[in-house]
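The values are calculated or read from the model by the stated rules, or taken from the named source; none is laboratory data. All values derive from a computational prediction rather than experimental measurement. A quick note on method: Cβ atoms are made from the backbone with ideal geometry, for glycine too, and the neighbour counts reach across all protein chains shown. Side chains are part of the model used for accessible areas, which takes the heavy atoms of the whole protein and leaves out ligands, DNA and RNA. Shrake-Rupley method; radii C 1.70, N 1.55, O 1.52, S 1.80 Å.
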Amino acid sequence: MSGLIDVILPVFLVIGFGYVVAWRGLFSDAAVDGLMRFAQNFAVPVLLARSIAKLDLGASYDAGLMISFYAGALISFAIGITAARFLLGRTGPEAVAIGFCCLFSNSLLLGVPITERAYGHDALAGNFAIISIHSPLLYTIGIVAMEAVRSHGTGAGLSRVGLNALIGVLRTPLVIGILCGFAIQALRAVTGHDLPEPVWAAMNMMAGAALPAALFGLGGVLFRYRPEGDSRAIAMVTALSLIVHPGVAWLLGHWVFDLSTPALRSAVMTASMAPGVNAYLFANMYGVGRRVAASSVLIATAGSILTIWMWLAILP
């Protein structure tokens, strides 16, 4: 019980605070959008740049860590698409959108603060290694799958829309923040000089605001995603995201790759997070599966309070 109270509850109380003030009309939709724009476009990219810049790349990029996490994500993606298409009778594009919900966990806004509260700031190296390729890789996989399904039977490859979307991934603020972090690493390696201390101090100030603002804003965003219908699809997404993905990560990390304790914690805890808001944004981009995506984000986020507690108990 102490794990639930000390580690998980504070994070979800901040989300709940944002949810309640949006529900009661004390924080307008425009204010929520402005806060999330600040967090996602500015503060969180600075957090990512700072964190990637300080990573020990040789120690953090462990092949077993990456395979454990991303194998679980891809298995959940494949099961989600197949079940949505053949068991739930969804169209190909709808099945891909539902599968993407199972693929894209909320690795940053939930995974980082919960891992930090559970194991300390020094335990985040593996989290940030995973996050450094998370959005570019998974958006690319989702877009390729969607465009392949949409073009099936037409004899066409990836459409111009798909190619533009792939290019757009590289222009997103989160990815730009990640690239800036690698650029700082390269600058240090080539010149032997680091950024001036005032620049680091400014980055630390921005990074300190990132997660509280993003979690509070996430609560306001989740208020808009009222669950409705599609209970079987939502239950499937929730189970794959909260049980199957971290389960695969744990099995591979513990039994196949024999990961160190910090790496195993990063892989499993990051995998155990609910789908992020990006899952809804992907569905909205293609205009399919939006109700399932929105409801899955809300319900899985609420359900993860208990499943994260379970994974915390299992991990060393």
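Of note:
- Residue match in region 271-287 (condition: open to solvent by 20 Å² or more (accessible area, probe 1.4 Å) and not in a helix (DSSP H, G or I)): yes
- Restricting region 133-167 to residues that are modelled with pLDDT of 70 or more and of a type in the set (Val, Ile, Thr), the residue that is farthest from Ile98 (Cα to Cα) is Ile167.
- Close pairs from region 6-33: first more than 20 Å from Ile308 (Cα to Cα) and touching a residue at least 40 places away in the same chain (Cβ under 8 Å), partner of a type outside the set (Asp, Glu) and not in a helix (DSSP H, G or I), Cβ under 6 Å, at least 6 apart: Val21/Phe27
- Thr172 meets each of the listed conditions (1) surrounded by 16 or more Cβ atoms within 10 Å (Cβ to Cβ); (2) within 15 Å of Ser51 (Cβ to Cβ); (3) of a type in the set (S, T, N, Q) apart from (2).
- Among residues of region 117-134, those that are open to solvent by 20 Å² or more (accessible area, probe 1.4 Å), closer than 18 Å to Leu48 by Cα and hydroxyl-bearing (Ser, Thr, Tyr), counted: 0
- Residue list for region 236-281, restricted to those being more than 19 Å from Ser132 (Cα to Cα) and either modelled with pLDDT under 95 or aromatic (Phe, Trp, Tyr) (or both): Trp250, Trp255, Phe257, Tyr280, Leu281
- Yes/no for Ala213 being open to solvent by 10 Å² or more (accessible area, probe 1.4 Å), aliphatic (A, V, I, L, M), closer than 20 Å to Leu124 by Cα and in a helix (DSSP H, G or I): yes
- Residue identified as under 18 Å from the mean Cα position of the chain (by Cα), farther than 30 Å from Leu13 by Cα and modelled with pLDDT under 90 among Leu174, Leu170, Leu218, Leu222: Leu170
- Number of the exception - Leu195 against (1) modelled with pLDDT of 90 or more; (2) over 24 Å from Ile52 (Cβ atoms); (3) of a type in the set (A, V, I, L, M): (2)
- Annotation note: of Gly111, Gly58, the sole residue that is free of Cβ contacts under 8 Å to residues at least 60 places away in the same chain and more than 24 Å from Ala148 (Cβ to Cβ) is Gly58.
- In summary, helices (runs of 4 or more DSSP H) completely within region 2-116 and bearing 3 or more residues that are surrounded by fewer than 15 Cβ atoms within 10 Å (Cβ to Cβ) and more than 17 Å from the chain's Cα centre (by Cα) occur at 9-23, 29-38, 57-60, 63-86.
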